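Q: Before I ask anything, let me first share the structure, which is written out below as structure tokens.
The values are calculated or read from the model by the stated rules, or taken from the named source; none is laboratory data. Since the structure is predicted, the reported quantities are computational estimates derived from the model, not experimental observations. For neighbour counting, all protein chains shown are included, and Cβ atoms are generated from backbone atoms with ideal geometry for every residue, glycine included. Remember, those area values only see protein heavy atoms, side chains included, never the ligands or the DNA or RNA. Shrake-Rupley method; radii C 1.70, N 1.55, O 1.52, S 1.80 Å.
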Amino acid sequence: MRQLSSDIQGTEWERFYFHRFRAEALKGLVLHAANSGSFWQGLVPRFAHHNDAVKHAIIALGSTYHLQLQQRTTVAPRLEAFTLQQYNKAIQSLREPSDGTPLEQVEVLLMCCLIFICIESLRNNKQGSILHLSNGLQIIGQLPTALLAHIISDTDSDPNNYEERLTRSELKQFLAYFQDLEIGTQVFGAPDKPVLSLRMFEVTKDDDGPRDEYKSLQECHTQLIRYGHNVHARIWHTLPYKGDNEFWASPDQIREHERLLDRGRRVLEMTDRFMSSPLGPDPDTDRAGFISGTLDRMHSRGILLMAECMPKNITRRQLHELDPQWSEVATLVERLYDLIHSPPEAAEDGLKRTSALHENTRAITIDNGLLIGIHATLYGSGNRDTRRRVMDVLRRMESRREGLYDASVLLRVFEAMGADGHGTYASELLLDDLAGPGLSGVNGLLGLEARLAELHIGWRVPPQS
């Protein structure tokens with residue numbers, strides 16, 4: 001009898017970089033344990049065995065990851081050519097007619113979009129990442145409402161047979177990555193129409209948020225993401241009226257805004273309580289889960305701040321009034337850095353245990369992590385000590401990439417603004433520019449780059465690869 005094999009059909013080098021992806025790159029693709037499951041470890045390689053587009057996309061990602069370690073060697077040009085060849089093969093395969101059902105075709109397209117986002121992030125091509133994200137969001141935006149409602153539901157009924165090939169859990173993982181990435185664009189500064197947030201708001205508009213205490217990390221993360229999309233959708237709906245006192249004085253708007261704030265406070269408080277309860281993950285025995293829950297604690301504070309500032313035109317000078325909240329975020333940033341970058345405590349036998357999180361701190365993650373909180377805090381806080389603490393963390397994770405964020409780019413932006421590592425910035429710089437709907441300054445990181453280039457203050461927008 002033939003033995004089962006996890007290999008793929010292809011050349012020797014295609015097989016090598018397929019396994020390079022499985023052995024190395026996938027370890028750095030997920031930071032939120034609540035999102036991870038078996039998506040990159042099982043589902044994506046499974047698709048690659050019967051779909052050429054996914055197979056070549058994975059090979060391209062594996063070789064891109066390897067290329068980051070070989071940039072100054074003689075093999076780099078050949079490896080770059082191989083990577084582009086595999087990338088183009090994946091795109092060409094997507095253009096060819098498919099025998100699959102419409103839902104199967106959507107699954108392949110969305111999977112390739114996620115892989116392409118990872119590739120472009122590793123290549124430091126943020127515009128390419130945003131383009132692939134936009135393509136994926138447009139695909140999701142055209143899905144039937146019944147399918148979206150089925151995916152986010154916790155019931156067992158499946159009258160439309162949506163789960164013929166993928167389980168509801170796997171479909172939720174698909175959606176979760178795009179949900180996380182779209183929320184990140186609000187702060188990053190690529191504020192296209194929030195397609196997924198508006199669709200999720202359409203499906204969940206009667207959902208008033210959590211009432212019972214959380215019983216699992218997954219429930220904790222799901223409720224945070226749903227709240228984030230509600231805030232994102234509400235920002236879009238009310239953006240023409242930002243700073244319009246008459247509009248926000250309407251009883252209907254006051255009631256709607258208070259409802260949103262009440263839900264956000266409950267999400268934040270219930271996340272904090274869950275993480276300190278016996279049901280919450282233990283940092284010693286479930287470090288990945290504890291990191292995920294702590295990220296939710298940090299992100300919930302940022303999303304609530306966005307909701308609180310939604311009605312007003314806020315400048316960076318006015319954001320300084322929120323220093324107690326920024327200080328809370330800074331404390332969580334420091335805690336998360338220590339958790340992710342420090343090895344676990346010594347085992348009982350005295351031997352140091354290793355950790356995938358510790359071993360792969362240079363890898364990319366495809367969901368939002370520390371950098372989104374660092375970005376907002378460095379821009380918004382007026383407290384010198386808070387900025388110093390957060391800048392110290394950023395300097396120590398210079399080679400990290402998370403979602404759309406690159407720590408080295410973020411570091412250059414704030415150094416260009418005069419950050420010296422001691423909490424001081426250039427005098428009065430950008431203090432009276434509007435912070436924008438995402439509280440991250442001048443339409444996010446992209447806007448900050450453009451604004452600094454416009455002012456000729458030590459910043460040059462790097463050419464895209």
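Q: Cβ-Cβ under 8 Å, sequence separation 6+ or interchain: first residue in region 104-125 and outside any helix (DSSP H, G or I), partner crowded, with 23+ Cβ neighbours inside 10 Å. Which pairs?
A: Here the result reads ARG123/THR64, each pair linking region 104-125 to a residue that is crowded, with 23+ Cβ neighbours inside 10 Å.
Q: Right, something else. What are the pairs with Cβ atoms under 6 angstrom where one residue, in region 155-179, is closer than 29 Å to THR365 by Cα and the other, located anywhere, is open to solvent by 20 Å² or more (accessible area, probe 1.4 Å)? Sequence gap at least six, or different chains.
A: Close Cβ pairs (under 6 Å, with a partner that is open to solvent by 20 Å² or more (accessible area, probe 1.4 Å)) amount to GLN173/GLY37.
Q: Sticking with this structure for a sec: Run GLY141 past the list (1) surrounded by 13 or more Cβ atoms within 10 Å (Cβ to Cβ); (2) within 20 Å of LEU61 (Cβ to Cβ); (3) of a type outside the set (Ser, Thr, Tyr) and report the number of the one that doesn't hold.
A: Unmet for GLY141, out of (1) surrounded by 13 or more Cβ atoms within 10 Å (Cβ to Cβ); (2) within 20 Å of LEU61 (Cβ to Cβ); (3) of a type outside the set (Ser, Thr, Tyr): (2).
Q: So, one more: Tell me which of these GLN464 doesn't satisfy, since it passes every other one: (1) assigned to a helix (DSSP H, G or I); (2) open to solvent by 10 Å² or more (accessible area, probe 1.4 Å); (3) modelled with pLDDT under 85.
A: Among (1) assigned to a helix (DSSP H, G or I); (2) open to solvent by 10 Å² or more (accessible area, probe 1.4 Å); (3) modelled with pLDDT under 85, the lone unmet condition for GLN464 is (1).
Q: Let me ask you something else. Is it true that SER153 is over 21 Å from the mean Cα position of the chain (by Cα) and hydroxyl-bearing (Ser, Thr, Tyr)? Break it down stepwise before answering.
A: Working: over 21 Å from the mean Cα position of the chain (by Cα): yes; hydroxyl-bearing (Ser, Thr, Tyr): yes.
Yes, satisfied.
Q: Only one of (1) in a helix (DSSP H, G or I); (2) outside the structural domain of ALA34 (by the TED database) fails for ARG211. Which number is that?
A: (1)
Q: Within region 24-47, count every residue that is closer than 21 Å to GLU402 by Cβ and either among the β-branched types (Val, Ile, Thr) or assigned to a helix (DSSP H, G or I) (or both).
A: Final tally of qualifying residues: 13.
Q: Here's a follow-up. From the residues in region 150-206 that are over 19 Å from LEU114 (Cα atoms) and of a type in the set (S, T, N, Q), which one is least open to solvent (accessible area, probe 1.4 Å)?
A: THR204
Q: Moving to a separate point now. Can you list the helices (runs of 4 or more DSSP H) found entirely within region 338-447 that contain at least 3 residues being under 29 Å from ALA176 (Cβ atoms), at pLDDT 75 or above and open to solvent by less than 40 Å² (accessible area, probe 1.4 Å)?
A: Once the helices (runs of 4 or more DSSP H) in region 338-447 are filtered for at least 3 residues that are under 29 Å from ALA176 (Cβ atoms), at pLDDT 75 or above and open to solvent by less than 40 Å² (accessible area, probe 1.4 Å), what remains is 370-380, 384-396, 407-416.
Q: Hey, another quick one. I'm told PRO210 meets every condition in (1) open to solvent by 10 Å² or more (accessible area, probe 1.4 Å); (2) over 14 Å from the mean Cα position of the chain (by Cα) except one. Can you identify the failing condition by its number?
A: (1)
Q: Given the criteria assigned by the TED database to the domain that holds PHE21 and within 16 Å of ARG123 (Cβ to Cβ), does ASN88 qualify?
A: Spelling it out, ASN88 is indeed assigned by the TED database to the domain that holds PHE21 and within 16 Å of ARG123 (Cβ to Cβ).
Q: Looking for something within 29 Å of GLY228 (Cα to Cα) and not aliphatic (A, V, I, L, M) - is there at least one such residue anywhere in region 85-94?
A: no
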